[in-house]
1. I need every pair where a residue in segment 114-129 that is more than 8 Å from Y96 (Cβ to Cβ) and of a type in the set (S, T, N, Q) has its Cβ under 8 Å from the Cβ of a residue that is part of a loop (DSSP other than H, G, I, E, B) and open to solvent by 50 Å² or more (accessible area, probe 1.4 Å), sequence separation at least 6 or different chains.
2. Please specify each residue of segment 55-112 satisfying the condition of being farther than 12 Å from T30 by Cα, within 15 Å of the chain's Cα centre (by Cα) and among the hydrophobic types (A, V, I, L, M, F, W, C).
3. Quick one: which strands (runs of 3 or more DSSP E) lie wholly within segment 16-124 and hold at least 1 residues that are surrounded by 13 or more Cβ atoms within 10 Å (Cβ to Cβ) and among the charged types (D, E, K, R)?
4. Give the residues of segment 62-110 that are closer than 17 Å to L125 by Cβ, in contact with a strand residue (DSSP E or B) (Cβ under 8 Å, 6 or more places away or on another chain) and among the charged types (D, E, K, R), sorted by residue number.
Amino acid sequence: MEIKKVVVIGSGTMGSGIAAHLCNANIPVTLLDLKTEISEKARERIYKSKPPLLLDKSKINNINTGNINEDFHVVKDADWIVEAVVERIDIKHNIYQKIFKERKKGAIVSSNTSSIPIKVLSQNLSNEEKKDFFVFSQLRGVIGITLAVIYTFIIFPVFIKETWIQMKEL
């Protein structure tokens with residue numbers, strides 16, 4: 001499976017960092033938050049970041065912005081949906097319910113969490129939904145961002161490439 005479009009829900013430090021690295025890989029991403037203004041400010045922070053998050057400033061054009069109320073429909077075209085919202089299980093469960101209702105069949109859904117176990121995150125998902133759900137946890141700070149980058153661009157693509165067929169047979 002080739003990842004051609006990504007939606008990142010949550011434009012805080014981790015969500016915007018993931019969006020920036022997707023841009024560096026030339027993958028179009030839509031960054032959603034509670035209000036479009038929040039995701040627009042995150043896009044601006046990515047562009048102005050020091051040290052720079054973007055290898056080439058023109059890659060900022062790969063980031064679209066929106067909000068979860070008016071623009072959630074973009075999830076239906078995404079190959080990968082990354083949840084990076086606040087660490088509250090009720091909010092995460094609500095977002096997952098919306099994602100799995102809207103997403104196209106086979107689209108990958110992942111959570112960027114620092115502390116919530118996958119068993120708790122996935123407790124309301126069906127067995128079929130769990131096949132497309134992944135969690136990458138990390139430590140906070142620079143180590144966490146480094147681990148997220150390693151996971152997102154090295155481990156995760158290799159994992160998907162090597163095991164996609166096996167997962168679909170489950």
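The values are calculated or read from the model by the stated rules, or taken from the named source; none is laboratory data. Being a predicted model, the structure only gives us computed values, none of them experimental. All Cβ positions, glycine included, derive from the backbone under ideal geometry; neighbour counts span all protein chains shown. For accessibility, only protein heavy atoms count, side chains too; no ligands or nucleic acids. Shrake-Rupley method; radii C 1.70, N 1.55, O 1.52, S 1.80 Å.
1. Partner pairs satisfying both residue conditions: S114/E87; S114/L139; S114/R140; S115/E87.
2. A84, V85, V86, I95, I99, F100, A107, I108, V109
3. Values: elements: 29-33, 63-67, 80-83, 108-113.
Hits in segment 16-124: 29-33, 80-83.
4. Taking segment 62-110 first, the residues closer than 17 Å to L125 by Cβ are 75, 80-83, 85, 89-110.
In the following step, the residues that additionally are in contact with a strand residue (DSSP E or B) (Cβ under 8 Å, 6 or more places away or on another chain) were identified as 75, 80-83, 85, 92, 95-96, 99-100, 103, 107-110.
Within segment 62-110, E83, K92, R103 qualify.
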